[in-house]
1. By what distance, in whole Å, do the Cα atoms of the chain stretch along each of the three principal axes, largest value first?
2. Of G217, H183, F243, which is farthest on the positive side of the dipole of the chain, counting Cα position, with +1 on Lys and Arg Cβ, -1 on Asp and Glu Cβ, and the Cα centre as origin?
3. Tally Lys and Arg at +1 and Asp and Glu at -1 over the other residues with C-beta under 9 Å from the C-beta of I305: what net charge comes out?
4. Past 29 Å, Cα to Cα, is the threshold; run K136/K215; K136/K236; K136/K188 against it and keep the listed order.
5. Taking the Cα centre of the chain as origin, sum charge times position over the Cβ atoms of Lys and Arg (+1) and Asp and Glu (-1), and report the length of that vector in debye to the nearest 20.
6. I want to verify a result. In a Gaussian network model of the chain, Cα cutoff 10 Å, which of these has the top mean-square fluctuation: A79, A36, A145?
7. Would you look at the GNM of the chain, springs on alpha carbons closer than 10 Å, and say which of F275, F60, F208 moves the most?
8. At 222 nm, what helix-only mean residue ellipticity would the chain give, in deg cm²/dmol to the nearest 500, using -39500 (n - 2.57) for each DSSP H run of four or more?
Amino acid sequence: MTDSTDAEAATETVSPPCTAEAIPEDVTEDGPATLAASLADAEERIRQLTAERDRFRSSFDACLAAIEAERQERRAAEAELERLRNPPLPSILINTMPKSGSVYIHKHLGQALGMPFSNLGNGYTLADQVQYWSAKSFIGASSIAQNHFEPSDINVQILDRLVGRWILHIRDPRQALLSWVHHLDLLKAENREDALLWVTPTPPAGYFDLDLTDKIGWNIVHYSPALVDWLRGWLKVYDRGRFNILLTTYDELITDEHRLFGRILDFHGIARQRFQFTPLPKDRGVHFRKGDPDEWRSVYTPPQIEACNALLPDQLLERFGWVR
């Protein structure tokens, strides 16, 4: 009885074999086609979505490119506006008689305008030569230079062609000579005697053992004629009227430096509001000693005054209001 019951139970729990007769009719006949169609629909939808995604991505990339182009255009417009408001500063060259306050002018302009300093020559006093490659790169550098170029044809030729305009800054040579004598003493005190080789003739051995009067006498004989020749040579160049030169004087610096700087700015086309006028201390830091244009009268001996005056024609003195 037990065996029979167990056999019947086993028969009831065993599933029938998977035969064609056991699969529903709709699955066996239409199922594969339906699944294939569903797969095809899904693939088509995937293609559509992919295409839509690619179109969106392309549109998105185009939008990003357009935004970046707009930003670049805006930056260019802002830069152009800034350039128009504050155009690049032109370079400024001050060709100057030694000891005429030009270091003060040079440093004041450079600091007030934020311009770096340049040097265009070899530095030889009264015989300074323009260095071609320095002058060639100077004009677009927005920098300021101060030199003592001699009025030679080749210097003028290079300056005219490469620099285009420059300042000629001068002083009464009688007072410039006295300042030069003190400058030589300063070079000696600072152990910079090698710099004395930059002027000819250089002071001889024993020069610095002389008293002030004898030092002045030596320079009147050996330096003053070259100084006056330098001045007259440059005035001859200026008076041709062919070159773009602004003539300035030490007297202007002493009497009204604000006006002097205004003339310099106007000459170079620099808006005055770009110049922050804050007078510098007039001391040895800018090679400024006394600032008295007539100090020489109380220092030179009568024969020395006569010797200096003999080098200066009346026409030159009258032109600048320098009194004998």
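Please treat every number below as a calculation from the coordinates, not as lab data. For clarity, every value in this text was computed on a predicted model and none was experimentally measured. A quick note on method: Cβ atoms are made from the backbone with ideal geometry, for glycine too, and the neighbour counts reach across all protein chains shown.
1. For the chain, the Cα extents along the three principal axes come out at 162, 49, 35 Å.
2. The one lying farthest along the dipole's positive direction is G217.
3. On the way: positive: R174, R297, R324; negative: E306.
Neighbour charge sum, excluding I305 itself: +2.
4. Values: K136/K215 40 Å; K136/K236 25 Å; K136/K188 35 Å.
In this structure, K136/K215; K136/K188 exceed 29 Å between Cα atoms.
5. Details: 35 positive and 47 negative charges, 841 e Å.
The calculated dipole for the chain is roughly 4040 debye.
6. A36
7. F60
8. Numbers: 13 runs with 180 residues, N = 324.
Mean residue ellipticity at 222 nm (helix-derived): -18000 deg cm²/dmol.
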